[in-house]
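Following: one structure in structure tokens, then a few remarks.
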Amino acid sequence: MAVALEGSPVGDAELAVALRDTLRKTEGDASGLDIVETAGGVLSPAPSGTPQADVYKELDAKRVLLVGDGKLGGISGTLTSYESLVQRGFDVRGIAIVEDDAYVRSLDLGDVDAADLGNAEAVRSILRSAGAPTVLGLPPLPPMPEPLDAWLDATSGDVDGLLRDLMR
């Protein structure tokens, strides 16, 4: 849409080269981790209309952390993204899902643990196999405008562990 509004399309090769050059500038970064956020998802179109996963495979990404969807319909979207990346040769080492508890809060769960009903648990269950990525379910974000400090403190250990796994 932005390309249509601006009238100045960017080719796939040009996009990949610009991104690769940007990532190379950070190669000395102590974390050893590059983060690329796609606009809309791995199969959303790049400016040319090509799926972003096809454009980004030219980056020779060694390890991928997929951020899944914790909302209704997110299990399918997360698994589709995972399979699309794997099919294209990406090494998806981890999946992180911030759960959306709006639906779960509306249920009378009794003694059932809400974590057992989340998208992360469903994705983990479906992908149970040798070589399957680590799937991390994170609690819902606090409502706006509540600060994120307590959420970050509560989840930092799990996220750090996932990132360590990713870097192996």
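The values are calculated or read from the model by the stated rules, or taken from the named source; none is laboratory data. Computed from a prediction, not measured in an experiment: that's the story for all the values here. For neighbour counting, all protein chains shown are included, and Cβ atoms are generated from backbone atoms with ideal geometry for every residue, glycine included.
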Taking only region 5-22 into account, find how many residues are farther than 18 Å from V36 by Cα and polar (S, T, N, Q).
-> 1
Examine region 121-138 for a residue that is under 23 Å from E37 (Cβ atoms) and modelled with pLDDT under 90, and state whether such a residue exists.
-> no
Residues located in region 108-120, provided they are touching a Gly at 6+ places or on another chain (Cβ under 9 Å), at pLDDT 65 or above and assigned to a helix (DSSP H, G or I) = N119, A120
Taking helices (runs of 4 or more DSSP H) that fall entirely within region 1-107, which contain at least 3 residues that are modelled with pLDDT of 90 or more?
-> 52-56, 74-87
